[in-house]
Amino acid sequence: MSGILETIKDQLEGCSDAVYQSISVHGHTCLLIYIPSIIDSKTLHESIALPLKTEAEAKLEWANFLERLDQGIVFPIQYLKAFDLQKVVDMIVAGKVVLCIEDLPYVYYFEITQYQKRSVTESQNELVVIGPQEAFIEDIETNLSLIRHKIKHPDLKTIHYSIGKYTKTDVYVVYIEGLYKKEVLEEIKQKLNEIDIDGILGISYISEYLRDGNLTPFPLFQYTERPDSVAASLMEGRIGILQDGTPTAMLAPTSFFTMLQSSEDYYQSFYAASWIRVVRFLFSIISMILPSLYVAITTFHPQIIPPNLLITIASARENIPFSALTEALIMELTFEALREAGTRIPKPVGQTVSIIGGIVIGQAAVQAGIVSAPMVIVVSITGIATYIIPHYELGLTFRLLRFPLLVMGGTMGLLGVYITAFLIYGHLANLRPLGAPYLQPVAPLVLRDWKDTLARFPSNFMTKRSNLYTDRNKRRQKEK
């Protein structure tokens, strides 16, 4: 054991929290090596140390002890052998307990890892009024159990990866056998196997390797902290990726219209869900183009504004020293700063600061003659509309694209807005993350999939899965 022990101690040199617990059994040294902060100490004492001490007190031969050890009957919990010393060290720092026995060229190890973790709580970023309230946490085993609680079928499969030279982060690919597109899963597996990095601390690290070189501000993957959203997506034929230490799952492939849908759409009547979707889509577009339209029209096309409204806007802008474009940029940048400040400030005061700050600064700016009241109204409506988008990443993209649209509208009028909007649409139509058309069912046009796009048909009408995600078992339920 001396050679094994010396190798382990060399590798763990400087790890002052590593413990070497020696127990003598029939005149031979048995050494337990572990890191107390990441193991279950109660299991260590009751199921490992205590049985060893019991064996030490028993009047048995050493050979008999080794034989019983190999038969797996010494300890009440499962244990395995390990021969690779480098892997042994990795096991110790990963939270396993290693048993080194004198004169044996191998070791035994026990899976009793126990990290500190928080309990399952309700979703913070994807709030729903109707439907499940539970959300993922940072522990991947708990997250897998939440998914298996939703899908109780042996066809729910998982593939395990350990990524990161230093972090050795556990990553699971989750899918339902027979529903996914084979080429999508193979591409994901290939790219995950090719990742060679020091460490990954968030699920977005993985998404960077799955982007196929696409340079786009639009999110190519859907992130969710809700187990019910993952379960529903898996049953559609999509593939989920879960990472240890991240309370968020990634779903692939995805589409633009999927990012505008909320899990709550399926927990209420199809009338209400369809109406909310239409409102959500309308205000999503407003959040991106309203400031540019206002600047373009008031600067280059005032003739299309009703006379009474034009007089009101002109009188409000009479003493403003800036152009409409400069005025809009000032307000948009100010509201972006307020929004970011509200996110970073501690939660008890963050929302108050962003709301009160917006009102106070807007009112003060109008009274000081820096910006006009109509501009404050336009920017406020735009800011509110941004929050109606269910997925934060898409909302962030719309906030970003608002600025090039604003500049084009302020320099070229409606023509600039049309050109920029056309370029954005063309860019979206060319995106195919993991081979899935980003704008389906609009481009390409798939009329059957319109049952669950801008409106949601009753569930008994949606008998087949979308071919966007699966090309095999498309039958979702029995047709009437």
Given charges at Cβ of Lys, Arg, Asp, Glu: the stretch 1-63 dipole, positive-most of 7, 22, 36 | 22
Determine the order of 450, 62 by accessible area, beginning with the largest, at a probe radius of 1.4 Å.
-> 450, 62
Taking a 1.4 Å probe, which of 24, 229, 380 shows the most accessible area, and what order do the others take after it?
-> 24, 380, 229
Heavy atoms of residue 109: accessible area, 1.4 Å probe, square angstrom to 10 = 30 Å²
With every protein chain in place, what's the accessible area of residue 20 (1.4 Å probe, Å², nearest 10)?
-> 80 Å²
Of the convex hull drawn through the C-alpha atoms of the stretch 244-301, the volume per residue in Å³ is 137 Å³
Using unit Cβ charges (K, R positive; D, E negative) and no other charged atoms, how large, in debye to the nearest 20, is the dipole of the chain about its Cα centre?
-> 2140 debye
For the pair residue 211 and residue 377, how long in nm is the line joining their label points, each one 7 Å along Cα→Cβ?
-> 4.0 nm
Between the stretch 166-218 and the stretch 431-462, the alpha-carbon center distance in angstrom = 24 Å
Quick one: Debye curve from the C-alpha atoms of the stretch 2-110, no solvent, what's log10 I(q)/I(0) at q = 0.17, 0.18 Å⁻¹?
-> -0.78, -0.88
In deg cm²/dmol, rounded to the nearest 500, the helical mean residue ellipticity at 222 nm of the chain, built from -39500 (n - 2.57) for every DSSP H run of length 4 or more, is -14500 deg cm²/dmol
Find the relative contact order for the chain and round it to a whole percent, using C-alpha pairs within less than 8 Å whose residues are 6+ positions apart.
-> 14 percent
Where the accessible area of the stretch 273-418 is counted over protein heavy atoms with a 1.4 Å probe, how much of it, in %, is carbon and sulfur?
-> 74 percent
Heavy-atom accessible area of residue 149, protein chains in place, probe 1.4 angstrom, given in Å² to nearest 10, is 110 Å²
Reference-scaled alpha-carbon Rg (2.2 N^0.38 Å with N residues) for the stretch 269-435 | 1.12
Can you tell me the FRET efficiency between residue 16 and residue 133 if r is taken as the Cβ-Cβ distance and R0 is 51 Å, rounded to the nearest 0.05?
-> 0.75
Of 117/182; 150/451; 150/474; 168/451; 96/474; 81/181, which sit over 32 Å apart, Cα to Cα?
-> 117/182; 168/451; 96/474; 81/181
The correct ranking of 246, 29, 411 by accessible area at 1.4 Å, largest first, is 411, 29, 246
Cβ-Cβ FRET estimate between residue 71 and residue 24, R0 fixed at 22 Å, reported to 0.05 = 0.50
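The values are calculated or read from the model by the stated rules, or taken from the named source; none is laboratory data. None of the values given here were measured: they were computed from a predicted structure. Counting neighbours? That spans all protein chains shown, and the Cβs are built from the backbone with ideal geometry, glycine included. Ligands, DNA and RNA are stripped out before the accessible areas are found, and what is left, the full protein with its side chains, is counted by its heavy atoms. Shrake-Rupley method; radii C 1.70, N 1.55, O 1.52, S 1.80 Å.
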